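**Q** Right, I'll just put the structure down here and ask away after.
What follows draws every value from the coordinates through simple rules; no lab data is involved. All figures in this text were calculated on a predicted structure; none of them were measured in a lab. All Cβ positions, glycine included, derive from the backbone under ideal geometry; neighbour counts span all protein chains shown.
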Ligand SMILES: NC(=O)c1ccc[n+]([C@@H]2O[C@H](COP(=O)([O-])OP(=O)(O)OC[C@H]3O[C@@H](n4cnc5c(N)ncnc54)[C@H](O)[C@@H]3O)[C@@H](O)[C@H]2O)c1
């Protein structure tokens, strides 16, 4: 298949591109490099430096495609709160524009990267897909709205629309600037020998999923007939931030004790965990153990920051 990956120069997108190439697909990456890196895109993928909000300037370079995997987004929750218009433009209008572009390219399938942020702080964990709809941020709200456009296009029969709601993704190539996940922030600090801070008591839990597993989810059953689905992509496992810190500190040969704790950040959710039964019924399971995923991630940061 010929697959367009928006945001393919970013953290998750670049892993999706590798997985697609590994499965023998042809890949076209569209990314404006606002947060991604040209070097993340393998040489065997076609690369177009373009913005999802100006598809008219690049669509003709693609001509035809079979599927689009849409990951390009404004990913920062604080930016979405400061600049809600920017967020809605990129994350809602950008998704609408990509649905239309996919249709014009002849795509039969569209996959959206949505987020656990569509659930907000709901205590009924693990959260199943029907619990969504009370987001705490404009980012979560705009992802939630974007999902409706994908499901609408699916119902209209324009293309098969699948929504993947991602838990906390970690792994190599995650950026620590801005909205870096806690794994990337810890791994970078440890590889640089810099001080580390935990916000709150460290007992808050997250559903951490390795980026390689997420990339497999985006390629799972691509091109197969069937209805479009809305699915959680996580591990259904609660891991404390403190446990992540302890594993990474161990990998770095550093004592995990005596770490500085600061006040919890406003708006941080205490516990987050996604139910994965629907993804399992689809046949998808995340299989990378936390320890192995953290080792891969730490090695990546160590390679970037050799001491
Ligand atoms: N990282 C996570 O834990 C996580 C969790 C849930 C959902 N997601 C979603 O997964 C997707 C990928 O996230 P990521 O963590 O890889 O972020 P990322 O910032 O590394 O990747 C996003 C990519 O999109 C590109 N981009 C941004 N705006 C663009 C535009 N207007 N036109 C073209 N390209 C543009 C950026 O340059 C970047 O390469 C996003 O949709 C994000 O909301 C991520």
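**Q** For segment 24-175, rounded, prolate or oblate, judged on the Cα gyration tensor with a ≥ b ≥ c (square roots of eigenvalues), a/c < 1.5 rounded, else prolate if a/b > b/c?
**A** Prolate shape, in that a/c is at least 1.5 and a/b is the bigger ratio.
**Q** Can you classify segment 226-285 as rounded, prolate or oblate using the Cα gyration tensor, where a ≥ b ≥ c are the square roots of its eigenvalues, rounded means a/c under 1.5, and otherwise it's prolate if a/b beats b/c and oblate if not?
**A** oblate
**Q** Got a sec? Which residues in segment 119-142 would a label at residue 82 touch, if it sits 7 Å along Cα→Cβ and we count backbone N under 15 Å?
**A** 138-139
**Q** Moving to a separate point now. Would you mind classifying segment 83-150 by shape? Square roots of the alpha carbon gyration tensor eigenvalues, ordered a ≥ b ≥ c; an a/c under 1.5 is rounded, otherwise it is prolate if a/b is larger than b/c and oblate if not.
**A** oblate
**Q** Taking only C-alpha pairs under 8 Å that are 6+ residues apart, what is the relative contact order of segment 23-152 in percent?
**A** So the answer I get is 24 percent.
**Q** Same structure again: Using a 10 Å cut-off around each Cβ, can you sort 138, 170 from fewest to most neighbouring Cβ atoms?
**A** Starting with the residue having the fewest Cβ neighbours, the order is 138, 170.
**Q** Now for a different question. On a full-extension model of 0.36 nm per residue, what is the gain between residue 238 and residue 295, subtracting their alpha-carbon distance, rounded to one decimal in nm?
**A** In short, 18.6 nm is gained.
**Q** Quick check: the distance between the Cα centres of segment 238-258 and segment 35-80, to the nearest angstrom?
**A** 35 Å
**Q** A further question follows. Measuring from label point to label point, each 7 Å out along Cα→Cβ, what is the residue 155 to residue 128 span in nm?
**A** 2.1 nm
**Q** Taking the Cβ-Cβ separation of residue 93 and residue 33 as r and a Förster radius of 25 Å, what is the calculated FRET efficiency to the nearest 0.05?
**A** For residue 93 and residue 33, the calculated efficiency is 0.80.
**Q** Next question, about the same structure. As a test of the formula, what do you get for the chain when each DSSP H run with n ≥ 4 contributes -39,500 (n - 2.57) and the sum is divided by the residue count, at 222 nm and rounded to the nearest 500 deg cm²/dmol?
**A** -10500 deg cm²/dmol
**Q** Okay, moving on. Please report the relative contact order for the chain, taking Cα pairs under 8 Å with a sequence separation of at least 6, and give it as a percent rounded to a whole number.
**A** 18 percent
**Q** Label-point separation (nm) for residue 60 and residue 255, each offset 7 Å from Cα along Cα-to-Cβ?
**A** 6.6 nm
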